[in-house]
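No value in this document is a laboratory result; all are computed from the given coordinates. Everything numeric in this text was worked out from a predicted model, so none of it was measured. Note: ideal-geometry Cβ built from the backbone for every residue, glycine included; neighbour counts use all protein chains shown.
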Amino acid sequence: MEETKTPLLDELEKGDWPSFVSEIKKAAKKSPGAADLLNQLEVSYKEKIGHWKHGGIVGVKGYGGGVVGRYSDSPEEFPNVKEFHTVRVNQVAGFFYTAEKLRQLADVWDKYGSGLYNMHGSTGDIILLGTVTENLQPCVDELGDIGFDLGGSGGALRTLSCCVGKARCEKACVDSTDIIRDLTLHYQDVIHRPQWPYKFKIKVSACPNDCAAASARSDLAVMGVWRDTLRIDMDAVREYVAKGFNINEQLINKCPTQALSWDADKQELSLCSEDCTRCMHCINVMPKAIRIGTETGATILIGGKVPVVKGPMIGWVLVPFMKMEPPYTELKELVDKITDWWADNAKNRERVGELIERVGLANFLEAIGLKPLPQMVKAPRHNPYIFWNPEEVEKRG
Amino acid sequence: MARTDFGPPDFREMLPPVIKENYGQWKYHTVPRPGVLKHVSESGAVLHSVRVASPRLVSSDFIRDISDIAEKYCDGYLRFTTRNNVEFLVSDEARLQPLIDELDAKDYLIGGVGLSISNVVHTQGWIHCKSAVTDASGISKNIMDELHEYFTGKIKVPARLRIAVACCVNMCGACHCSDISVVGIHRTIPRVNDELASKICEIPTTVAACPTGAIRPNPKVKSVTINPEKCMMCGNCTAVCPAIKIMDPPNDGVSIWVGGKLSNARTAPMFSKLAIPFIPNNPPHWPEVTDAVKHLVEVWTSHAREGERMGEWIERIGWERFFKLTDLPFTAKHLDDFTHATTTFRSSTQFKF
C-alpha cells in the first residue's frame, strides 16, 4: 500500500458523511497553509493534543476586533501555519446568499487566505480560517469591496444571528431577519470596538421553537410570541383526523396545559385560550390546521450562556411581551439600559446572567426600570430572608 | 482610511423572488420526502427547499460547487441553516427532481428535516482552537458516519434529536441544551510556570478567574498557586494566563451528556445532564464515543413514545430507569457539587426501584 503523510486523517475520508479532511485536502492543493494545517492536525491526532499557541493580538485599521490571532506552537515544523489567523465575517441575516456573492467571497479568500471556511461559526459569523498577518488588511479591504464587513470578538457585542423567520416560516411571530439587520447596523460601533467586560450576544428566534438557540446561546434572547389566541381551521383539523391522525394521542394528551379538547361526535376541536402557554406543539404537528395568533410580538429573555464561569444558564424571562416594529426603539432602549448597567457593574469576564445572579434579580430590575412580574419566575421565593429598604419601614425612635 | 461599519450584505438582496413576494405570508409547510420542505403561501405560491449535509469546515471548491448547483436549479439562491446544513431554494418545481438527481449523483446527503437526526453543531477542535481537548470535527464525522441513515430518513426516530460536540467545557455550540452532547474534559489540575506567569500574567485577573477560589497569589515568585482540593479543572485560568497549562493527553478525554432541549414544545427547555463522565481520546475513530452515542440513540428510539424528545422520555421514565435501560453505571461523578447542585437532589419518595 502507498504510504501517505496523514494516515490517521485519511481514515476520516472514508464513511458516508461528508469529510472535513477531504475539504482540507482540496484547499491544500492551492494553499500551503491548508497543507500545513493538515500536517499539524495529523500530529495532533497522533499525540492527542492541539498545537496552537495561546493567541496574540492582531488587528486591522479602524476595527478593535473581528480578526483573531492564531499561531502554531511548532512553526519550524509547519512554517505555513506559523501565522494562521481567523477573520470573522458578519454573515447575512438568516444565512441567505446568492451564488454570485459566495463566489466573490471565495475569490477574495483564495487570494488572501487558506480557502477554508466554517459555514458558520458558533456565534453565526462566516469564519475564514487561516491567513498571515500581512494579508489581513488587504483581505478585509477587499471583503469590504464586495460588501462583507467584520463580525465581533472580545468584550464586544458579538455578531447577531437569527432563525429563517418570515422569509420562509409560517410560524414567525416577529421579523427575525429584519430585527437582526436593523440591530446589526445600529450597533456597529460596539460590535467592532470592544468596550465591555466580556462578550454580549443577541439572537432572535421568531417563535418558541427557538431554532436559533437564542435562549441558551445569547445573553439577550428575543423570542417571537403572540398574546391573543391560536387560529384553528376546523375543516383542516377534520381532514387530519379523517386521514388517520390520532388526535387524542398526538395532540390532546400532549398539550401541557390541557387547553385543547376534542369532541369526537361533533368532530370539534376546542381551545381554552387563557390556558394556552404557546408551546408550539399543536402547531408543529398540525401545521395546516393550527396557526400562531395575530397579535404578535416578542418575549425577551436575559442571561443565557455556556458554563464559563459559574455554570450554564438558559435565559430568564425579562419582558413577557414587547411589540416588535421597526425601528425597534423599545428593544434598543432596553439593550442600552442593560449593557450600560452591566458595563458599569460587572467584573472582568462576568456575563450579564452571572452579574444578575450575584446582585439579585430585584436590583437588576430596579436599575433598568422594570417592574417585577409573576411571568419572570417559576415560583416566588421559598426562603424568608427578604431585603427591606429603610424607606419601606417605620423609623425607630 | 478604509470604509468601516457598513455591516453585512442586506439579506433582502439575497432572497429569491418567490420569497420577496411571499415574505411573511407563508401559510404552512409539508415534508414531501426526507430532506425536502415544501412551503405554501397564502397566495398559493410554493417554495421547495432541499437540505443537504455539510461538514461545516468547507473549502472554496465546496463553496463554488454549491454555488454552481444553486445557479443551475435555483437561479443562484441558497442558504445555510443554524445547524450547518445547506438549503437549495427551488422556485420552479420542474427543477426539483433534476436537482435531487444531481445532488444524489454527487453524493450529497439529503436529509435533516423534521423527525430525523440533523447535522451536528460542533466546535473547532484541534483544527484551530487553542483550548481544544479533543477534535470536534473528527468526533462529529465518526458519529454521523454511523448515524447518517437517521439523517437521510432511512431509519425513523420518535422525535427530533440534536447532537452537539464541544472540544472543551466552554461548550460553544449549545452543548448544555442538546439531546446528546459530547464535551471535551480535563481530569488533572493545571500546572503553573511561575517564571513565565511573573512576566506575562496579571495576578489579580488570574485569581479572579477561578470560580471556586482555588487560585491564590504566590507573592514570593510573583505567580499563583492552585489548591488541588478546590480545582474542578474548568480551564478558565488558562484563558487569562498563558503560563498556566492544563492539557494532559493521557488524562484528557470526553464526557457524554443527554436530555437537553431548547424548543418550548410541550415541555420547557432543559439542560443536558451527565450520562458518561469520561471516555479517553481515541483518534482517528473514537470508537468508544461513537458506540456510546449510537447506543443512546438506539435505547431512546426503541423505548420513547412518538414525539418524545430524549429529555422528555427520560423525565417520564425517571433517571434511575434511564441508567438501567442504558446499562450505564451511576457514579459519584453524576452528583453535582457546583453552584446549583441542590436543585438536582430528590426530595420525594416518588422514584422507581
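The A:Thr329 and B:Phe353 beta-carbon pair, evaluated with R₀ = 45 Å, returns a calculated FRET efficiency of approximately 0.15.
Note on the stretch A:293-326 and the stretch A:33-88: Cα centroid distance 36 Å, given to the nearest whole angstrom.
Principal axis analysis of the Cα atoms in the stretch A:7-145 yields extents of 41, 35, 27 Å, listed in decreasing size. Across every pair of non-identical alpha carbons in the stretch A:115-233, the mean reciprocal distance, once inverted, gives a Kirkwood radius of 15.8 Å. Extension gain, B:Glu306 to B:Lys106, is 68.6 nm, computed as 0.36 nm per intervening residue step minus the present C-alpha separation. Modelled this way, with points 7 Å down the Cα-to-C-beta line, the labels at B:Thr339 and A:His382 are 2.1 nm from one another. Legend: ranking of residues B:Ser60, A:Ser74, B:Ser178, B:Ser91 from fewest to most surrounding C-beta atoms inside 10 Å; resulting order A:Ser74, B:Ser91, B:Ser60, B:Ser178. The ranking of A:Lys61, A:Lys305, A:Lys310 by Cβ neighbour count inside 10 Å, starting from the fewest, reads A:Lys61, A:Lys310, A:Lys305. Rounded to the nearest 500, the 222 nm mean residue ellipticity of chain A from helices alone is -9000 deg cm²/dmol, with -39,500 (n - 2.57) taken per DSSP H run of at least 4 residues.
Hydrodynamic estimate: the Kirkwood radius of the stretch B:11-105 over Cα pairs, inserted into Stokes-Einstein at 25 °C and 0.890 mPa s, corresponds to D of 178 µm²/s. Per residue of peptide B:128-137, the mean number of Cβ atoms on other chains within 10 Å of the residue Cβ is 6.
Debye-formula intensities of the stretch B:61-102, expressed as log10 I(q)/I(0) at q = 0.31 Å⁻¹, are -1.13 (one equal scatterer per alpha-carbon, no solvent).
Shape analysis of chain B based on the Cα gyration tensor places the equivalent ellipsoid semi-axes at 41, 28, 19 Å, largest first. In terms of other Cβ atoms within 10 Å, B:Glu149, A:Glu83, A:Glu350 run from fewest to most in the order B:Glu149, A:Glu350, A:Glu83.
Given their separation in residues at 0.36 nm each and the Cα-Cα distance between them, A:Asp10 and A:Asp235 gain 75.4 nm when the chain is fully extended. Per residue of peptide B:80-87, the mean number of Cβ atoms on other chains within 10 Å of the residue Cβ is 6. In this rough spin-label picture, where each label sits 7 Å from Cα along the Cβ direction, the B:Glu315-A:Glu268 distance is 3.2 nm.
Values of log10 I(q)/I(0) for the stretch A:233-294 across q = 0.12, 0.18, 0.20 Å⁻¹ run -0.25, -0.58, -0.72, by the Debye formula with one identical scatterer at each alpha carbon and no solvent. Over all orientations, chain A has a Cα convex hull whose mean projected area works out to 28.3 square nanometres.
With an a/c value under 1.5 for the gyration tensor axes a ≥ b ≥ c computed over the alpha-carbon atoms, the protein assembly as shown is described as rounded. Taking the square roots of five times each eigenvalue of the Cα gyration tensor of the stretch A:207-268, the equivalent ellipsoid has semi-axes of 31, 13, 11 Å, listed largest first. Relative to its residue count, the stretch B:136-245 spans a Cα convex hull of 117 Å³ per residue.
A Gaussian network model of chain B, with springs between Cα atoms under 10 Å, assigns the largest mean-square fluctuation among B:Gly24, B:Gly235, B:Gly112 to B:Gly24.
Hull volume per residue, based on the alpha-carbon atoms of the stretch A:269-382 and their convex hull, is 158 Å³. With a 10 Å cut-off around each Cβ of B:68-77, the average count of Cβ atoms from other chains is 3.
Cross-linked pairs A:Lys26/B:Lys261; A:Lys203/B:Lys154; B:Lys156/B:Lys261; A:Lys14/B:Lys154; A:Lys25/B:Lys156; A:Lys378/B:Lys261: Cα-Cα separations exceed 25 Å for A:Lys26/B:Lys261; A:Lys203/B:Lys154; A:Lys25/B:Lys156. One compactness figure for the stretch B:191-245 is 0.96, namely its Cα radius of gyration divided by 2.2 N^0.38 Å. Put simply, when B:31-37, B:71-77 are sorted by average Cβ atoms within 10 angstrom per residue, most first, you get B:71-77, B:31-37. Ordering A:197-204, A:142-149 by mean Cβ neighbour count within 10 Å, with the highest value first, yields A:197-204, A:142-149.
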